[in-house]
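Just below is one structure, and these are the notes that go with it.
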Amino acid sequence: MNSLTSVTLEVDDVDAASRFYTAAFDLGPQVRLRASTAPTSGFRGFTLSITVPQPADVDSFVDSALRAGATQLKPAAKSLWGYGGVVQAPDGTVWQLATSAKKGSGAATRTVESLVLLLGVEDVRASKQFYTEQGLKVGKSFGGKYAEFAPQDADAVSLALYKRRGLAKVAGVDAEGSGAHRVVLHGHSGEFTDPDGFVWTTSPAPAPGTHS
């Protein structure tokens, strides 16, 4: 079974991005960095989501990201599904910080329960079918609106599909965008490009993670 093991963010300045991610999230090798000057504008068609145990952890990660230079897109707040906020890193990547818990249970521990890559796609059903043909196993699916794949490894990055405009709305950004996605996905089998232009490779990312 295929699975998403890590992602590489393509950034203008690797050193600056590494300093930001170390200070903001300190995620380690699941998120790697490499330099790129590929043209990109507007929404890049994806977000990364850090899920945590409780609201205090959301607040802690949002605060550290803002101190490190992120821009707030949505302030942390309660919702029907839990509690969360959205920030944009200086390199342009949109990050969601979220928990399903609506009430706190103590001080923040900055525990990361999972890292989720959400791809904004034009046709969820078609993309889901494509990914199942690449060896990914569907974990959850809600018609043509959302699909989530089961990670093969405990420390793998979770992958989910969302309608592009719906994901942009959740992120608090305009859905329009063009140029490079500025992200490369790493899995267990083969190199391919999905229907929305997201590139997968089995090759090791050329740069170390956020501790580069």
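Rule-based calculations on the coordinates, nothing more; no lab input. Small disclaimer: the values here were computed from a predicted structure and weren't measured. Neighbour counts run over all protein chains shown; Cβ positions are idealised from the backbone, glycine included.
A few comments on the model shown:
- Seen through its C-alpha gyration tensor, with square-root eigenvalues sorted a ≥ b ≥ c, the range 12-59 comes out oblate because a/c lies at 1.5 or above while a/b is not bigger than b/c.
- With R₀ fixed at 22 Å, the C-beta to C-beta distance from Ser178 to Asp12 puts the FRET efficiency at about 0.80.
- Applying 0.36 nm per residue to the separation of Glu122 and Leu73 and subtracting their alpha-carbon distance, the gain on full extension is 15.3 nm.
- By average C-beta atoms within 10 angstrom, highest first, the peptides 94-101, 182-189, 64-71: 94-101, 182-189, 64-71
- Derived from the Cα gyration tensor, the three semi-axes of the equivalent ellipsoid of the chain are 24, 21, 17 Å, largest first.
- In the range 78-209, lysine pairs with alpha-carbon atoms under 16 angstrom apart (chain gap of 8 or more, or interchain): 9
- Highest to lowest packing among 140-147, 164-171, scored as the average C-beta count within 10 Å: 164-171, 140-147
- For the chain, the longest piece that avoids every one of the GluC sites (Glu not before Pro) found in DSSP loops with at most 11 other C-beta atoms within 10 Å covers 1-175.
- Each residue in Asp26, Asp174, Asp196 was given a count of other beta-carbon atoms within 10 angstrom of its own, and listing them fewest first yields Asp174, Asp26, Asp196.
- Under 15 Å from the Thr201 label point (7 Å along Cα→beta-carbon), backbone N, the range 1-18: 5-11
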